[in-house]
């Protein structure tokens, strides 16, 4: 594997380790120690003999063992010197957390260039500077000062913004999806967005790549590489408004803003573009858990309104809702479990008083229809509704039709509903609490 | 730098981009001779890198049907230029075959992040009013070109909506592919083919601007 010393290091040195409350150095010590059973962590700080009960070395050269990964979190002005020491130590890779480089102006940029030259001469891969670090939840590697280690999963999240990663991790702790890797790429002095993309594409733990980007250094290269990657890529682009309005002469120039060009490039490269963080992970989640399908969706609902909204969204997004076939209707009628006023239509409204038995009949009948390739099951909580039982029925149905996509819309936040949602998602049925989010997400599965 | 008419024409013909039959006339006699060759009705329009918005100053006249109208029109344009743009450098007055149909735009430019990018959309006055356009990075495939056309909100208008003339989608596709080749191969910054007029019989650029 490429960049093994960065993503799967055995021995790590943290230069700038600290026990000072509120410091980046302390955050890193804490996060790195979570994986201390799997790898050796060496702390470096010339002013301390021990940090949080662990031995501290005066410099990286004082460590006897070989170091795979050096993490540097020291003031910008001494980073060059420290990087030099790391090179002498023959480290396999570096992460420079420190800020104060190209992002601050000319002097910072000059310093960054010097470091870049130094490490590229020795062919040592480097992440950053000016970044949060990287996290590999599957191997409990947290080489960052993020507030927590997120759940392990199949999404590789690559982000230009470190602070957004912090918030995403915080938000995701209560969610059921997880991450194969989180990469904050900072100033891209050495390794750049395209390197991380290629890495994620070859990483066995990663199923879906989620991107947050503002600018791209080499758009053409990004485009060519993204186009070749077979794993789904979902991208959220920040900074869409053109702040640098140039004088324009022709119509083409006037109409081609950054937003339009990025969107065109994403579309052409087969990247799913989204408009919010919520949508980024709604999309990543479904792409991780459900198969690609042909156009043709069935909707089963115990609430008329939610069904109508879902049908509206499907129509807007050009998702086919095939009519229920005579065969399907026959099996529904024959079951004797349907309410006399049930809709006989797609969306199939099984009426508010539906118990689990009725859900089961409806779900099986609809999934059994050949031209229906995906299913949205909506549950509005009514007094007699049985959320956990319904969840189990959905999970079982999915097992019987593994090639069809199944999504749930259990709408609500009550303990009862939450318990069912958690059960669904642990079994890889994505749940969305709003039909719009469900329809938008299932749309991403449809093969064009 | 904006290319002059002859240089522009040369590049377009190199890429076999159809251009409405046109001649640049210096005086009424040349205009009359050219119009005869093209056949009436014709369009008259001034060609000058200094005058970008011709309609506003009355420097475009459509539907000229005979020699008499041509003479009057020619003089009228000359007069309006003298009045409204006295300092403009004039290449001449273009006598152009009058095409009728839907107006579309195809353009391209070099973007600093992604390189060559193509644009397609409804042309003429619609460009500015609706900004109904689609984009692709060049080079594009025929499939991309087809999608670019279908993607615009006003696609229906091109398919013979309510008695409008149908656009020739196959010819538009061809022009998109040629424009893609042009922006990839020529050392230029940006170009507009606006408008391209299209009807069932074909699609012809009626105006082109190329910036080096």
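The values are calculated or read from the model by the stated rules, or taken from the named source; none is laboratory data. Just so we're clear, the structure is a prediction, and the values are computed from it rather than from any experiment. Please note: Cβ atoms are built from the backbone with ideal geometry, for glycine as well, and neighbour counts cover all protein chains shown.
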Strands (runs of 3 or more DSSP E) completely within region A:187-288 that count 2 or more residues being closer than 30 Å to residue A:111 by Cα: A:208-213
Whichever residue in region B:141-192 is under 21 Å from residue B:115 (Cα atoms), touching a residue at least 12 places away in the same chain (Cβ under 8 Å) and part of a loop (DSSP other than H, G, I, E, B) and, among such residues, is nearest to the other protein chains (Cβ to nearest Cβ): B:189
Selection from region B:174-188 of residues that are over 13 Å from residue B:17 (Cβ atoms) and surrounded by 16 or more Cβ atoms within 10 Å (Cβ to Cβ): B:188
Count of region A:273-303 residues which are crowded, with 24+ Cβ neighbours inside 10 Å, under 23 Å from residue A:364 (Cβ atoms) and under 24 Å from the mean Cα position of the chain (by Cα): 1
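Residue-wise test of (1) in a loop (DSSP other than H, G, I, E, B); (2) farther than 26 Å from residue B:139 by Cβ; (3) free of Cβ contacts under 8 Å to residues at least 24 places away in the same chain.
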| site | (1), (2), (3) |
| --- | --- |
| B:16 | yes, no, no |
| B:33 | no, yes, yes |
| B:62 | no, yes, no |
| B:99 | yes, yes, no |
| B:110 | no, no, no |
Test: residue A:123 is more than 30 Å from residue A:425 (Cβ to Cβ), free of Cβ contacts under 8 Å to residues at least 24 places away in the same chain, exposed (fewer than 15 other Cβ atoms within 10 Å of the Cβ) and under 31 Å from the mean Cα position of the chain (by Cα): yes
Close pairs (6 angstrom Cβ cut-off, 6 or more residues apart or separate chains): closer than 17 Å to residue B:125 by Cβ and within 14 Å of chain A (Cβ to nearest Cβ) in region B:45-60, modelled with pLDDT of 80 or more and exposed (fewer than 15 other Cβ atoms within 10 Å of the Cβ) anywhere: none
Region B:105-121, subset more than 7 Å from chain A (Cβ to nearest Cβ) and surrounded by fewer than 24 Cβ atoms within 10 Å (Cβ to Cβ), residue farthest from residue B:176 (Cα to Cα): B:112
For residue B:92: the one exception among (1) surrounded by fewer than 21 Cβ atoms within 10 Å (Cβ to Cβ); (2) within 14 Å of another protein chain (Cβ to nearest Cβ): (2)
Among the residues listed as A:409, A:366, the single one being touching a residue at least 60 places away in the same chain (Cβ under 8 Å) and either closer than 19 Å to residue A:175 by Cβ or assigned to a loop (DSSP other than H, G, I, E, B) (or both): A:409
Selection count, region B:122-133, where residues are surrounded by fewer than 18 Cβ atoms within 10 Å (Cβ to Cβ), facing another protein chain (nearest Cβ under 9 Å) and either in contact (Cβ under 8 Å) with a residue 12 or more places away in the chain or not in a helix (DSSP H, G or I) (or both): 1
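Determine whether residue B:77 is part of a helix (DSSP H, G or I) and without any contact (Cβ under 8 Å) to a residue 40 or more places away in the chain.
Values: part of a helix (DSSP H, G or I): yes; without any contact (Cβ under 8 Å) to a residue 40 or more places away in the chain: yes.
Yes: the conditions hold for residue B:77.
Residue by residue, here is whether (1) in contact with a strand residue (DSSP E or B) (Cβ under 6 Å, 6 or more places away or on another chain); (2) within 14 Å of chain B (Cβ to nearest Cβ); (3) under 30 Å from residue A:411 (Cα atoms) holds:
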site	(1), (2), (3)
A:250	yes, yes, no
A:281	no, no, yes
A:297	yes, no, yes
A:314	no, no, yes
Pairs with Cβ under 6 Å, 6+ apart, first in region A:255-268 and within 8 Å of chain B (Cβ to nearest Cβ), second assigned to a helix (DSSP H, G or I) and buried (at least 19 other Cβ atoms within 10 Å of the Cβ): A:265/A:223
